[in-house]
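Any read-out appearing in this document is the output of simple, stated calculations on the displayed coordinates, not a laboratory observation. Just so it is clear, the model here is predicted, and its values are computed rather than measured. A quick note on method: Cβ atoms are made from the backbone with ideal geometry, for glycine too, and the neighbour counts reach across all protein chains shown.
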Amino acid sequence: MDPRPLGATGLRVTPLGFGAFKIGRNQGVRYAQGYALPNDAEAQRLLLEVVSLGVNYVDTAPAYGLSEERVGRALGERTDIVISTKVGETFEDGRSTYDFSAAAIRASVERSRQRLRRDALDLVFIHAHGDDMAILHDSDAVPVLRELRERGAVRAIGLSGKTVAAARLALDWADALMVEYHEQDVSHAEVMNEAAARGVGVVVKKGLASGRLPAERAIPFVLSHAAVGSLVVGGLNLEHFRGNVRRAERVVAGLRRPEAR
């Protein structure tokens, strides 16, 4: 897969990215079926196999348990791999906690830089809970991320939120949005178009509706939206992911054909 621009961030990402949730956490999850957490060697092998398929974008977060450390160990020194992470939510001792204060945001970014083995983080999203408008209006998250971007600790910043209203508000400062979008939830479709028109990148999460939609139908649906820079898909089964890469490649090739005529 050929990487393509993620809005005006200067980052180039493959249409299919890898979501690194399951390599780091299996507690407090909403998937229909449970799963065993891979060990360090298995996680490293999976990450290296994923990027060998041509995927250059990996998404992680402090809320994903061991994920950041494992991604950093396997890929942190790879300058050809784009890694996004998040601030605001952490997961420890079996539960999530949220802190969007200035001190917490700065500390989170510093920990992520160390875990991911990066001097500067490629892309950092606010990991919002359901009251995402309050986070944008009343917390320190946005001004601190803008400051960190200005200082060069972070290359690009954005919002991984819940509501259309918060996504639209974020267009005033964000370099990228991470939104849920699939055939059962198209509520963000218009704000995705607005983002593209303003040079704000769009990453889609939960494009398979957390496993409720078949990949053969869900991946073409998401990638056919012109605003989508990348669809993040996770999992521990390499064969399934290899099939998803092939599906994404077919969709992208099909979208290019009319331009060639």
Whole-Hz couplings from phi, Karplus 6.51/-1.76/1.60, listed for the stretch 104-113; x for Gly and Pro: 5, 5, 4, 5, 5, 4, 5, 4, 5, 4
Three principal axis lengths of the stretch 172-261 [C-alpha, angstrom, descending]: 40, 36, 21
Table column - 3J(HN,Hα) (Hz), the stretch 18-30, Karplus curve with 6.51, -1.76, 1.60, x for Gly and Pro: 9, x, 9, 5, 6, 7, x, 8, 9, 9, x, 9, 10
Size of electric dipole in the chain: Cβ of Lys, Arg +1 and of Asp, Glu -1, about Cα centre, debye, nearest 20: 720
HN-Hα J in Hz across the stretch 220-226 - Karplus 6.51, -1.76, 1.60, θ = phi - 60°, x for Gly and Pro: x, 4, 5, 6, 7, 6, 4
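Assuming R0 = 22 Å, can you tell me the calculated FRET efficiency for the pair Q27 and Q114, based on Cβ-Cβ distance, to the nearest 0.05?
Values: r = 23 Å, r/R0 = 1.06.
So, using R0 = 22 Å, E works out to roughly 0.40.
In whole percent, what relative contact order does the chain give with Cα contacts below 8 Å and a gap of six or more residues? Walk me through the intermediate numbers first.
Numbers: 513 pairs, mean separation 53.5, N = 261.
Dividing the mean separation by the residue count of the chain yields 21 percent.
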Long-range amide H partners of V13 with built H, under 5 Å: R4, L6
Length added when fully stretched, R4-D172, from 0.36 nm per residue minus Cα-Cα: 58.2 nm
Under-5 Å amide H pairs with A156, H placed in peptide plane, nonlocal only: L123, V124
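Per the Kirkwood treatment, what hydrodynamic radius in Å, one decimal, follows for the chain from the mean inverse distance over all distinct Cα pairs? Could you put the intermediate results ahead of the total?
Numbers: mean 1/r = 0.0548 Å⁻¹.
This gives a value of 18.2 Å.
What's the ranking of 235-241, 73-79 by average number of surrounding C-beta atoms within 10 Å, highest first? Each step should come with its number before you reach the end.
Values: 235-241: 14.6, 73-79: 16.6.
In descending order of packing, they fall as 73-79, 235-241.
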Long-range amide H partners of V202 with built H, under 5 Å: G7, L177, G229, S230
